[in-house]
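Here is the structure we will look at, set down as structure tokens.
The values are calculated or read from the model by the stated rules, or taken from the named source; none is laboratory data. Since the model is a prediction, treat every value here as computed from it, not as a measurement. Please note: Cβ atoms are built from the backbone with ideal geometry, for glycine as well, and neighbour counts cover all protein chains shown. We work out accessible area using only protein heavy atoms, side chains counted, and drop any ligands, DNA or RNA first. Shrake-Rupley method; radii C 1.70, N 1.55, O 1.52, S 1.80 Å.
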Amino acid sequence: MSHEFEPRIVVLCCNWCTYAGADLAGTSRMKYAPNVRLVRVMCSGRVDPSFVLRAFQDGADGVLIAGCHPGDCHYINGNLKTLRRYPALETLIAQFGIEPDRMRLEWISAAEGDVFVHVVNEMTEQVRALGPLDWKRRTAMTVPAAESHTAG
Amino acid sequence: MGEELKAPKKIQLAMYWAASCGGCDMAVLDVNEKILDIAAVADIRLWPIAMDYKYKDIEKWADGEIDVCLFNGAVRNSEQLHLARLLRQKSKVMVAFGSCASFGGIPGLANLHCKKTIFEAVYGYTASTVNPEGTTPQTHTHVPEGDLHIPEFFDDVYSLAQVIPVEYYVPGCPPTPETVMTAVNAIATGNLPPVGSTIGISKAVCDECKRTKSDKPGIVEFHRPQEIFVDAEKCLLEQGLTCMGSATRGGCGSLCPGVNMPCRGCYGPMPNSLDVGADALSAMTSIVDAAEEGDARAKVGKMVDPLGTFYRFTLPVSMLRRAARPLQG
Amino acid sequence: MEPRIGVFVCHCGTNIAGVVDVRRVAEAAAAWPDVVYATEYKFMCSDPGQGMVKDAIVKHNLTRVVVAACSPRMHEPTFRKACAMAGLNPYLFEMANIREHCSWVHEDKEAATLKAIDIVRTSVAKARLLEPLQARVVSVTPKVLVVGGGVAGIQAALDIANAGTKVVLVERSQSIGGHMAQLDKTFPTLDCSACILTPKMVQVAQHPNIDLMTWSEVESVEGFVGNFKVKIRRKARYVDEATCTSCGVCLEKCPKKVPSEFDEGMMTRKSIFRSFPQAVPGKPVIDKESCTYFKNGKCKICEIFCEPKAIRWDDEDRVVEESVGAIIVATGMGLIDPHGLGQWGYGRFPNVLTGLEFERLNNATGPTGGRITCKDGSTPKSVAILHCVGSRDRNHKEYCSRVCCMYALKFAHLIKEKTHATVYNFYIDMRCFGKGYEEFYNRLLHEGVKFIRGKAAYVTNQALTDEETGHLVVSAESTTLGQVLRVPVDMVILASAVAPQKDAEAVARLFGMGRSPDGFFMEKHPKLEPFSTATDGVYLAGSCQSPKDIPDTVAHGAAAASTAMSLISRGTVEVEAAVAEVLTDSCSGCKICQDVCPYGALSFHADTRVAEINGSVCKGCGTCVATCPSGAIVGRHFNDRQILAQIDAAFLW
């Protein structure tokens, strides 16, 4: 087989807590797995469930949604909506055949650079253990060629 | 309306059904006496539910001889695919008619499975199946009398536009008579929207719904319709029913909510929708009355079958389109 | 028209270039669609760096700019400004964070470079779809709310008032003054705390620009920078301030005694009370909770003796609304609950005191009139001061409380001066960092105070020797001697940890502030903006941000005041342009958005039957955008297309 599988994880995170927490991990020169790519929104409440589906559709092996701790939302309670959406989203992706461990919701504050590092490292290993999701190949809907029809 | 339908030359109209229940064809009849208006402007050249035709009759037509083909039903086997392609070749304008042709519809939910698992269930372990030899349909079977062919059952269910180019969409399960007449009028008068459009309105079912909505709609608990006495005045979503009305294109006149049934979403996604299931999931769960995780989990967890609820008519055209097949197979 | 994107990759000296191959990143970017110019440079944020951006906008006719450098939280405003100066709408700028999120967190140069390329591609994908936006300018209400009347709040209020701007100073207790008013002397100068503070308190009361509201609490805060609406609950005083002459007769006559908060419970006050003799305002209030009349319906002795007839039994709480442009939070510090410190004898032995209790004991207005005595009235012959009780302790507070070393020295000096007792300091490290502090420490060393380098393990009354009998015994390992000591003393003073106020969590939520892991309010930047918060227009002063001594608290208060004043003086402020917008054609009026908006910015328009957004109330969180089931709300600058494009570009799938 080819070289070791490197998980690809999309992080949908809020500007005020988790993005800043990731910044803090940087300024503190902490080290973590290079498997995540952050997409910044202002509030985790902006994370439309379709963004998660899109990441899986694109080929992500994991998706992390992260925002301020409940009660500490920069927008009072935007993250509360994320918290409410998440359980249904979990059920939904399971119905699509995506392992629950490929998606996580974490509250990471601007002061928790270490938590960000821990979550990223842990999730990277979790997803690595699951192996590639390989969504595109597993859901390809190739339309059969014209000649396959033989009914008369 | 009859006056408006006088066209100089009669429209050459074909209607066909693929993976569908027949409801869309019934819907055409449901226009009642207006069927005469349709007959006045159109020559119905093909309508298998009403008249007998053979493939060779269709094959004989010149390319583009048909002005408009109303194609209902999803594409699930090789015969349907063949007819879709053949009719595409013969028709100037192809209309995906009804939810199955437009979005895959109810048959599209089979994309949660694949051919193998469906055959295993249908010809294997369902309670009513007796099949000790494990016989499954074969496309070619040799019998003493000769070779028998049946269409090939595909692994996936496709919407019409996933197999052939489609000019217009007329949604609905089935399209209401009003929707049918709007479409027929548009075709007859040539007053058509840009290619690729859905013929209908751009607002959601809520816009046509007469129920009262509170300023801060909130859901205390999810229910299925049979579990509660439905308040006839109040918004169904606020009563905890997973009504798709806010995420579903209107045009049906809010028929289901009008009779105490939550909208099932048959008119499909709104024009700006990224994914109708995600839209509905986000809207319905965001207003659940829960302030902490355990509570949210308990309350949202009472929602039965989110995928089936949110993608009842649209799975094949949704963002993820189908459930993942097993990793190796 | 196709966008023309310019990509600028920063080396940040070696901060980025030391790990990421910046040239390769720029070369990769140059090959992407719509990127018409890509380059790298040592310091993009420098003048020449910004100049490069401006020149390239003009020379290459750029319609989008991407700078790959540090966090947008750092330099997005810098480059937005540079773009604007070159005539490009600032919202057509996008930042790629390849420092904090890449070069600083990865060691593998190849992986970091590939990740940097992905990050820049993600930013370019968004940049391609950016839309110009116009920031809206709104006026600033020329009034400042200061919350908390300790020395930080007093300083801030006076500075702003002296600059000619109106101040509302809200204090929840009866008097301003805060912790500083409780202190006897201040280190290292040993000047009398009250003597230097009370004149300032009086200035506050008399200042024409300050509206002082004691016995009041902020109840709600709405609005945004420059335009806050604040509701303040003015608790019923039951004493008419206009009529009362502060004669004090009621204080003598009231029969009901309760522990005095100001005296740390070591003395009593009456139900009608002022916190301390020099209280500002000097007019008392009735504490309804303890007042006999409110309990039994009988008494009214204060009323009987009140000559000016100032008692008002029908007084009620009032909620007043104030419009202010800026808010300074100066809610101060608390102390760690000493009852959790049983190992050091607190609550078990009467002669174990907290630092603040000792301040009251030593104070001329305190329980003993300033005599330092044990509970039995005897003068202690030996006193132990235990440093770092609860501070620098993973079991309690990890941080250093910063003021204890110095007040311990002050106590040692005062005890020696007044009682000639032997004073032991049990310390981990002596931290005497301020002006004149080290000198004060040296002075104490020469005054014969005993310093034992070792944290006290416990305090007991179980004597092991005759010498210990009848004393408290402090056990500690002296790390200089390398042996465990048992030191018998008559009194133990705990330098117990400074802690966030008990209600810090609720206060943080009230003003939309964050808290750092230690529980204190979080500043915007630990070095450059220790007096700002993540919420524009809300500033911090004093020890609510972190433990501070008086000079630092005063400086912090003045800094917060000057920051607030620069906002007030400017008179206008640009507010978020990246807000939500309703597409009325697709909105079906389901009202779901109304339920999710944290600010009530959405309403249902009865005539058009669609949702409406109040643009100046919307803060652009985007929760409604993600919730709208009809795709009928667009989040400006974070719209669906832009975010999906970023996800699509996040990896080379």
Fill in the blank from the handout: Taking segment B:209-244 and keeping only residues that are within 14 Å of another protein chain (Cβ to nearest Cβ), open to solvent by 40 Å² or more (accessible area, probe 1.4 Å) and of a type outside the set (Lys, Arg), one is left with B:Thr212, B:Ser214, B:Asp215, B:Val220, B:Glu221
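Matching residues to (1) facing chain C (nearest Cβ under 9 Å); (2) of a type in the set (Lys, Arg); (3) over 16 Å from C:Phe651 (Cβ atoms); (4) in contact with a Cys (Cβ under 8 Å, 6 or more places away or on another chain):
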| residue | (1), (2), (3), (4) |
| --- | --- |
| A:Leu38 | yes, no, no, yes |
| A:Gly62 | no, no, no, no |
| A:Cys73 | yes, no, yes, yes |
| A:Gly78 | yes, no, yes, yes |
| A:Met103 | no, no, yes, no |
| A:Glu106 | no, no, yes, no |
| A:Val115 | no, no, yes, no |
| A:Val119 | no, no, yes, no |
| A:Leu133 | no, no, no, no |
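Filter the strands (runs of 3 or more DSSP E) completely within segment C:124-234 down to those with at least 1 residues that are outside the structural domain of C:Ala96 (by TED's automatic domain parsing) and open to solvent by less than 20 Å² (accessible area, probe 1.4 Å). Reasoning before the result, please.
On the way: elements: C:136-139, C:143-147, C:166-170, C:210-213, C:216-224, C:227-234.
Ranges flagged: C:143-147, C:166-170, C:210-213, C:216-224, C:227-234.
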Handout entry: Residues satisfying the stated conditions in segment C:625-642, i.e. touching a residue at least 40 places away in the same chain (Cβ under 8 Å) and either touching a Lys or Arg at 6+ places or on another chain (Cβ under 9 Å) or more than 27 Å from A:Arg37 (Cα to Cα) (or both)
Key = C:Val625, C:Ser630, C:Ala632, C:Gly635, C:Phe638, C:Gln642
Exercise for the section: Could you check how many residues of segment C:336-395 are at positive phi, within 33 Å of the chain's Cα centre (by Cα) and not hydrophobic (A, V, I, L, M, F, W, C)? Expected result: 4
Problem - Residue among C:Val124, C:Val120, C:Val105, C:Val66 that alone is under 24 Å from C:Trp653 (Cα atoms) and under 32 Å from the mean Cα position of the chain (by Cα) - result: C:Val105
Exercise for the section: Considering (1) of a type outside the set (Ser, Thr, Tyr); (2) touching a residue at least 12 places away in the same chain (Cβ under 8 Å); (3) under 28 Å from B:Gly277 (Cβ atoms); (4) surrounded by fewer than 23 Cβ atoms within 10 Å (Cβ to Cβ), say which one C:Trp653 fails and leave the rest. Expected result: (2)
Exercise for the section: Given the conditions (1) touching a Pro at 6+ places or on another chain (Cβ under 9 Å); (2) open to solvent by less than 50 Å² (accessible area, probe 1.4 Å); (3) more than 12 Å from chain B (Cβ to nearest Cβ), report the number of the one that C:Cys590 does not fulfil. Expected result: (3)
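Kindly evaluate B:Met15 against the criterion of being at pLDDT 90 or above and either in the same structural domain as B:Arg85 (by TED's automatic domain parsing) or not β-branched (Val, Ile, Thr) (or both).
yes
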Completion exercise
Among strands (runs of 3 or more DSSP E) entirely within segment C:307-392, at least 2 residues that are touching a Leu at 6+ places or on another chain (Cβ under 7 Å) occur in C:318-324, C:326-329, C:352-354, C:382-389
Exercise for the section: Among the helices (runs of 4 or more DSSP H) lying completely within segment B:246-308, list those that include at least 3 residues that are within 30 Å of B:Asn72 (Cα to Cα) and within 10 Å of chain C (Cβ to nearest Cβ). Expected result: B:276-286
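Residues C:Asp108, C:Asp47, C:Asp21: which one is over 30 Å from C:Pro526 (Cβ atoms) and of a type in the set (D, E, K, R)?
Working: C:Asp108 fails: over 30 Å from C:Pro526 (Cβ atoms); C:Asp47 fails: over 30 Å from C:Pro526 (Cβ atoms).
Going through C:Asp108, C:Asp47, C:Asp21 in turn, the sole match is C:Asp21.
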Practice task
Give C:Glu468, C:Glu505 a once-over and let me know the one that is among the acidic types (Asp, Glu) and over 30 Å from C:Phe224 (Cα atoms).
Solution key: C:Glu468
Fill in the blank from the handout: For segment A:37-70, the count of residues that are at pLDDT 95 or above and part of a loop (DSSP other than H, G, I, E, B) equals 7
Exercise for the section: Using the structure shown, decide if C:Lys527 is more than 14 Å from chain A (Cβ to nearest Cβ), within 28 Å of C:Val389 (Cα to Cα), of a type in the set (Lys, Arg) and surrounded by fewer than 16 Cβ atoms within 10 Å (Cβ to Cβ). Expected result: no
Exercise for the section: Please specify each residue of segment C:620-629 satisfying the condition of being open to solvent by 10 Å² or more (accessible area, probe 1.4 Å) and at the interface with chain B (Cβ under 10 Å from one of its Cβ atoms). Expected result: C:Cys624, C:Cys628
Fill in the blank from the handout: C:Tyr599 fails exactly one of (1) open to solvent by less than 30 Å² (accessible area, probe 1.4 Å); (2) at negative phi, namely (1)
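Return the only residue of C:Val617, C:Val610 being surrounded by fewer than 21 Cβ atoms within 10 Å (Cβ to Cβ), under 30 Å from C:Gly153 (Cα atoms) and either free of Cβ contacts under 8 Å to residues at least 24 places away in the same chain or more than 8 Å from chain B (Cβ to nearest Cβ) (or both).
Numbers: C:Val610 fails: under 30 Å from C:Gly153 (Cα atoms).
Only one candidate qualifies: C:Val617.
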Practice task
With respect to A:Arg137, determine if the residue is within 13 Å of chain B (Cβ to nearest Cβ), open to solvent by 40 Å² or more (accessible area, probe 1.4 Å) and among the basic types (Lys, Arg).
Solution key: yes
Exercise for the section: Being touching a Lys or Arg at 6+ places or on another chain (Cβ under 7 Å) and part of a loop (DSSP other than H, G, I, E, B) is the filter; apply it to segment A:19-36 and report the residue that is least open to solvent (accessible area, probe 1.4 Å). Expected result: A:Asn35
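Matching residues to (1) open to solvent by 40 Å² or more (accessible area, probe 1.4 Å); (2) in a helix (DSSP H, G or I):
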residue	(1), (2)
B:Asp147	yes, no
B:Phe154	no, no
B:Pro175	no, no
B:Ala186	no, yes
B:Asn191	yes, no
B:Cys206	no, yes
Fill in the blank from the handout: Checked segment C:630-653 for anything within 22 Å of B:Lys203 (Cβ to Cβ) and within 9 Å of chain B (Cβ to nearest Cβ); matches are C:Ser630, C:Gly631, C:Ala632, C:Val634, C:Asp640
Exercise for the section: Among residues belonging to segment B:111-120 that are part of a helix (DSSP H, G or I) and open to solvent by 20 Å² or more (accessible area, probe 1.4 Å), point out the one that is farthest from B:Thr182 (Cα to Cα). Expected result: B:Glu120
Completion exercise
Residues of segment C:41-69 being touching a residue at least 40 places away in the same chain (Cβ under 8 Å), within 17 Å of C:Val22 (Cα to Cα) and open to solvent by 30 Å² or more (accessible area, probe 1.4 Å), in sequence order, are C:Met52
Exercise for the section: Filter segment A:80-106 down to residues that are touching a residue at least 12 places away in the same chain (Cβ under 8 Å), part of a helix (DSSP H, G or I) and either within 19 Å of C:Ser516 (Cα to Cα) or open to solvent by 10 Å² or more (accessible area, probe 1.4 Å) (or both), then give me how many there are. Expected result: 4
Problem - Condition check for C:Asp595: within 13 Å of chain B (Cβ to nearest Cβ), among the acidic types (Asp, Glu) and within 25 Å of A:Val10 (Cα to Cα) - result: no
